[in-house]
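Here the structure is laid out as structure tokens; the discussion comes afterwards.
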Amino acid sequence: MKRQTSQDILAEDFRNLLFPLHRRPFPDLDDTYELELAFYEHRLLTDDELLGNGAYFAQVGADWTRHYRICTGDALKLPDDSSRLKSFFIRNIFRTGYATHGLFPYRGKFHPQMIKALLNIMGLKPGQTVLDPMMGSGTTLIEASIMGINSVGIDASPFCRFMTQTKIDALTMSLKRAHGALVNHQEVFSYFQSKVGAPIVGSKSSGKRISKDLDRLMEPPADYNTPQRSQSLQRQDTIDTYHFLLLAYLDSAGYAERSQRKTPLAQFRVVLERYLFVAEKFQKILHESPWLLGAAKVIEGDARSFPLENASIDGIIFSPPYSFAIDYLANDAFHLHFMGIEEETLRNKMIGLRGRTLADKFGYYDEDMGSVLSECGRVLKPGKFCTVIIGTNNNQLSKVLGVPPDEVAGLHERLQEKGANYGLRIVKSMSRPITGIANTMRREYILVFQRGG
Ligand SMILES: C[S@@+](CC[C@H](N)C(=O)[O-])C[C@H]1O[C@@H](n2cnc3c(N)ncnc32)[C@H](O)[C@@H]1O
């Protein structure tokens, strides 16, 4: 066979060897793990499935995929004018900057595009149910909803429950009254400021606390031309809008505390505008070519004991705290306080935060993660998949265990061993770089387990 020249080889695009010409992946798949996930999607999905639910493809034949349309609906509105942040978001438009994922900057949240690909690779189909037992800001639930997959999410933090529910509701809620609030943003801001410290418990009951004042401030502006809604829908609008505004307020207040660049009021307006922009962008695509969203159930609970039947779940995906790397309660102290939640009571339930010394904390963490994996093995249907995403955190572990960092068994290795005790056999381990703005850890692992039996 004639040997190919460098010129021949360089004239080829290696992507064309991975994918047929009619399936065009996104141009910015720079990381090996992304190409790998795209390759598995390509092998597993039909053209129609790829068009509806593919994560890493922009086009199939002449048609644009839904992921492409959701992401590009319009240019992205940015939270502030920092060029560093701007380039982060623009680079990540297909990875993170779409639907309602960007509502609230929760630390340690998933890349939604990767979750979409993993749901596909785990074989989840519309109508089936996926579980995220440590849902945080609800990335899995939002992504599953968009894909028509039902979901159950659990988190020990009531703030996570509130945040996730609000982000899910924002996919479909009426945005008219939030527009009214934007017009009156100064008074809405004062309303929330005066409420700081007042307990607001749960999505249903908090609706009752809305005062007449805020009701009035949320009236849509006169030129916002939409038909009248029935009384119960109007009531639902009020509650949804209240939660949407509250999340925007908490987001902006947290941001204003960290950065002094804008006044809290100006920050509130910018954040609320952005929330409206992204929710509208998604709803526009949903309205233009409707499809069935999956139902999401959001639970405040404990990942060491799920309120779920044995063998009732079609797939699990989650990311536990990376041992004690992030103090989620300290991060959320402002919001938890605002919601009237006792930080210290919650601390005892939080995996990675129990215990006094670092060695205690690690001991509890190890034990707690055993309980979580045991629950995963219990509720997963035989033959189905459980994916765990976990960072390495070797530096901290080496200090606790007194072993040099390059000799310590990483969290991913420990979890693999534990999974085996609960019928979860590891079938794939992929690693990916961590690319956030301020991360200390550089690498995390995607561990795919399969339930035996
Ligand atoms: C790495 S974060 C998950 C982030 C999530 N994947 C996202 O996209 O936002 C880990 C989460 O575990 C939660 N958590 C800690 N202990 C828990 C427990 N005992 N039960 C349920 N959730 C817990 C924390 O509140 C935190 O939200």
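Could you check, for the stretch 330-342, whether at least one of its residues is in contact with a Phe, Trp or Tyr (Cβ under 8 Å, 6 or more places away or on another chain), within 13 Å of the ligand (Cβ to nearest atom) and at positive phi? Before you say what the answer is, go through the steps one by one.
Kept after step one, since they are in contact with a Phe, Trp or Tyr (Cβ under 8 Å, 6 or more places away or on another chain), are these residues of the stretch 330-342: 332, 335-336, 339, 341.
In the following step, the residues that additionally are within 13 Å of the ligand (Cβ to nearest atom) were identified as 332, 335-336, 341.
With the extra rule that they be at positive phi, the set shrinks to none.
Within the stretch 330-342, not a single residue is in contact with a Phe, Trp or Tyr (Cβ under 8 Å, 6 or more places away or on another chain), within 13 Å of the ligand (Cβ to nearest atom) and at positive phi.
Of the residues that sit in the stretch 282-326 and are among the charged types (D, E, K, R) and within 12 Å of the ligand (Cβ to nearest atom), which one is nearest to F94 (Cα to Cα)? Outline the logic, then answer.
First, the residues of the stretch 282-326 that are among the charged types (D, E, K, R): 284, 288, 297, 300, 302, 304, 309, 314.
Checking which are within 12 Å of the ligand (Cβ to nearest atom) leaves us with 300, 302, 304.
Values: E300: 30, D302: 32, R304: 33 Å.
Taking the candidates together, the pick is E300.
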- Residues that are in a strand (DSSP E or B) and within 16 Å of the ligand (Cβ to nearest atom), drawn from the stretch 141-190: S151, V152, G153, I154, D155
- Test D366 against the stated conditions and say whether it is more than 11 Å from the ligand (Cβ to nearest atom) and either under 19 Å from L447 (Cα atoms) or not assigned by TED's automatic domain parsing to the domain that holds F306 (or both). yes
- Message: Taking the conditions exactly as written (over 26 Å from P290 (Cβ atoms) and of a type in the set (A, V, I, L, M)), does I121 satisfy them or not?
- Response: yes
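So that you can scan it fast, the table gives a plain yes or no per residue for (1) basic (K, R); (2) exposed (fewer than 15 other Cβ atoms within 10 Å of the Cβ); (3) over 29 Å from L308 (Cα atoms):
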{"site": "M339", "(1), (2), (3)": "no, no, no"}
{"site": "N348", "(1), (2), (3)": "no, yes, no"}
{"site": "L358", "(1), (2), (3)": "no, no, yes"}
{"site": "K361", "(1), (2), (3)": "yes, no, no"}
{"site": "E367", "(1), (2), (3)": "no, yes, no"}
{"site": "Q396", "(1), (2), (3)": "no, no, yes"}
{"site": "V408", "(1), (2), (3)": "no, no, yes"}
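Results for (1) under 19 Å from the mean Cα position of the chain (by Cα); (2) in a helix (DSSP H, G or I), shown as yes or no for each residue.
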| position | (1), (2) |
| --- | --- |
| R235 | no, yes |
| T238 | no, yes |
| H243 | yes, yes |
| A256 | no, yes |
| R261 | no, no |
| Q267 | no, yes |
| V271 | yes, yes |
| W291 | no, no |
| P321 | yes, no |
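Have a look at I93, I121 and point out the one that is modelled with pLDDT under 95, away from the ligand (no atom under 16 Å from the Cβ) and not aromatic (F, W, Y). So that I can check it myself, show each step before the final result.
Details: I121 fails: modelled with pLDDT under 95.
From the options I93, I121, the qualifying one is I93.
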- Message: Whether any residue in the stretch 130-140 is within 13 Å of the ligand (Cβ to nearest atom), closer than 30 Å to R43 by Cβ, among the acidic types (D, E) and surrounded by 24 or more Cβ atoms within 10 Å (Cβ to Cβ) is what I want to check.
- Response: yes
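Here's the yes/no breakdown for (1) within 15 Å of M135 (Cα to Cα); (2) modelled with pLDDT under 80:
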| position | (1), (2) |
| --- | --- |
| A279 | no, no |
| E288 | no, no |
| D302 | yes, no |
| I313 | no, no |
| F338 | no, yes |
| E343 | no, yes |
| L346 | no, no |
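The values are calculated or read from the model by the stated rules, or taken from the named source; none is laboratory data. This one's a predicted model, so the numbers in the text were calculated from it and none came from an experiment. Note that we place each Cβ from the backbone using ideal geometry, even for glycine, and neighbour counts take in every protein chain shown.
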